[in-house]
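These notes concern the structure reproduced below.
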Amino acid sequence: MLDIKLVREKSDYVRERLSTRGSGDENKISELLQLDEQRRKLVNETEVLKSQRNRVSKEIGALMGQKKLEEAEAKKAETRAMGDQIAALDKQVAEVEQKRDYLQLTIPNVPHESVVVGKTAADNPIVRVHGEKPEFAFQPKTHIELAEASKLIDFNRGAKLSGSGFLLYTNWGARLERALINFLLDLHTTEHGYTEVAPPYIINKECMVGVGQFPKFVDQAYAVMKGTDTESPAQYLLPTAEAPVANIHREEILKAEQLPIFYCAYSPCFRAEAGAAGVGTRGMIRVHQFDKVELIKIVRPEDGYAEHEKMVANAEKVLQLLELHYHTIMLCTGDMGFGSAKTYDIEVWAPGQGQYLEVSSCSNCEDFQARRMNLRYKDEKGENRFPHILNGSGTALARLFVALVETHQQADGSIRIPAPLQPYLKADKIPG
RNA sequence: GGAGAGAUGGCUGAGUGGUCGAAAGCGGCGGUUUGCUAAACCGUUGUACGGUCAAAAGCCGUACCGGGGGUUCGAAUCCCCCUCUCUCCGCCA
């Protein structure tokens, strides 16, 4: 969420930056300011009253001590009505505060000034290209054809077990998936300095609010309940490991020397994808459950953008080692996610699809999430500050799987395994 | 799932209706002493919000003793609900 003081003091700036997103959220600022103003007025009123009450209460206490009971009773009668007045005002404050807080949670982050202003994905500039589209002496197959031919994935039985958008990996497919996960975790932990964590897959609402998934994207989440118990507070299947991992230090005040914190985590990701195109058709491009290795950084604000660039490089390294052609784009203001101030997407080339697939999205959310989860650190001056929180996929698996098999498919139907992955799969190719 | 115990400041831990934002100890910070270190001694030590101020500092106020509600002139303290932790039993990968 945005710093209310910033909104108060630089409302025009905030409005202007928000308007570049093209979502109309800048129109919420006036209401926010109004609620803020109203709250401050009410808070002031109640505090004056409370101050009075406290004073009289102390006097009563003193009188009781001196056994001057009649005088004490008189004062009690005098202040009795104050309690109700205070209670009524407190209620008003709570109401206004609730409205303000909710409104604040629905306003997206302000884009960083280095972000290109644009409306849609078509406006996203390409910032880097690695390799080039591979040439094939034969007609390259799609991952669906390859997966069926080599029995990597049983699409029909996956759907039977769960529904459309769920995959059953089989034999070499399951092994390849596992090999990729281990390869990614090892790369980031041993080469890039991340500490591996394994979070719960069922998480509470606070995690979702903290990273900005809620309240806006509740309809995209899977809620879970215990047995037939519809009463207990809902928990959710994680849509990304970002949700639990970024929240590890929620409501903490970290010591300056604890920063920077680099975490990486494997998890499956569950997405309802309500209303999305592509679920319901076969394939692995858009599914309800996929594996991902996520990268999270918690850093000092002054380091945020340098660490952001490094994080993107860490994710790109994956594709380089797997000998895949990709390009990195910067999301324009209109295409950025809710909590992000700046985002790079990495898109890998999938020859069978004839298109680039997003396998990583690396964002600096600045202090937007830290404010939501009240995560702070104490700097050298002893002041509490909000750190920058960064998240990036390093990378998403299902689409990486697609790019890998489509890129490295051979004329004989086998799939070549790039050298860095071979020790993990314990094979140099998947037979056709 | 059953029974019991607990949750207080960075940590340990006292506090059962009134100068308690909270004793004491530890830690941290500053200082004295010292060739240096240590010890000892002295001082200091939370967070948020609101107000004041051009701003910072400072000052004033309010709230915060797991969370929410209640009783009361007044709640860390009494009552109710919830969450979490620990111990024992049961079940279980």
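None of the figures in this text is laboratory data; all of them are computed from the coordinates on show. Computed from a predicted structure; not experimentally measured. A quick note on method: Cβ atoms are made from the backbone with ideal geometry, for glycine too, and the neighbour counts reach across all protein chains shown.
Under the criterion of Cα pairs below 8 Å and six or more residues apart, the relative contact order for the range A:27-106 equals 52 percent. A simple spin-label model places the labels of A:E16 and A:A94 4.1 nm from each other, with each point 7 Å out along Cα-to-Cβ. With respect to chain A, whose longest principal axis is taken over its alpha-carbon atoms, helix A:69-105 is tilted by about 20°. Kirkwood hydrodynamic radius computed over the range A:127-195 comes to 14.8 Å, based on all pairs of distinct alpha carbons. Of A:L254, A:L69, A:L404, the residue with the greatest mean-square motion in the GNM of chain A, using alpha carbon springs below 10 Å, is A:L69. Available extension along the chain between A:K160 and A:V117 is 11.0 nm, counting 0.36 nm per residue and deducting the alpha carbon span.
Helix A:304-321 and the longest principal axis of the C-alpha atoms of chain A enclose an angle of approximately 20°. Semi-axis lengths, largest first, of the ellipsoid equivalent to the range A:260-362 are 25, 17, 15 Å, with √(5λ) applied to each eigenvalue of the Cα gyration tensor. Structural descriptor for chain A: relative contact order 20 percent, calculated from alpha carbon pairs under 8 angstrom and at least 6 residues apart.
Output needed for the range A:1-150: three equivalent-ellipsoid semi-axes, defined as square roots of 5 times the C-alpha gyration tensor eigenvalues, in descending order, whole Å.
63, 21, 13
Our estimate of slack between A:T189 and A:K378, defined as 0.36 nm per intervening residue step minus the Cα-Cα distance, is 65.4 nm. Debye-formula intensities of the range A:193-235, expressed as log10 I(q)/I(0) at q = 0.18, 0.23, 0.30 Å⁻¹, are -0.64, -0.88, -1.12 (one equal scatterer per alpha-carbon, no solvent).
Taking only the C-alpha atoms of chain A, the Rg (one decimal) and the largest Cα-Cα distance, Dmax (whole number), read 27.0, 104 Å.
Compactness of the range A:226-268 is given as radius of gyration and Dmax, 15.0, 47 Å, from Cα positions.
Between the range A:28-88 and the range A:310-329, the C-alpha centres lie 61 angstrom from each other. Modelled this way, with points 7 Å down the Cα-to-C-beta line, the labels at A:I126 and A:E73 are 8.9 nm from one another. Note that the range A:64-189 carries a Kirkwood radius of 23.6 Å, evaluated over its alpha carbons pair by pair. Computed per residue of chain A from DSSP H runs no shorter than four, each worth -39500 (n - 2.57), the mean residue ellipticity at 222 nm is -12500 deg cm²/dmol. Please identify which residues in the range A:162-186 have an amide N closer than 16 Å to a label point set 7 Å out from the Cα of A:A427, following the Cα→Cβ vector. What the label zone holds, given the 16 Å backbone N cut-off, is A:169-181.
Of the Cα atoms belonging to the range A:147-278, the radius of gyration and Dmax stand at 17.7, 54 Å. In this rough spin-label picture, where each label sits 7 Å from Cα along the Cβ direction, the A:V224-A:N171 distance is 3.2 nm. Here the 3J(HN,Hα) profile of the range A:344-356, calculated from phi with Karplus coefficients 6.51, -1.76 and 1.60 at θ = phi - 60°, is 10, 10, 10, 10, 9, 7, 10, x, x, 7, x, 8, 8 Hz, Gly and Pro shown as x.
With R₀ set to 35 Å, the beta-carbon distance separating A:Q258 from A:Q320 gives a calculated FRET efficiency near 0.65. Between the Cα long axis of helix A:172-186 and the first principal axis of chain A there is an angle of about 50°, rounded to the nearest 10.
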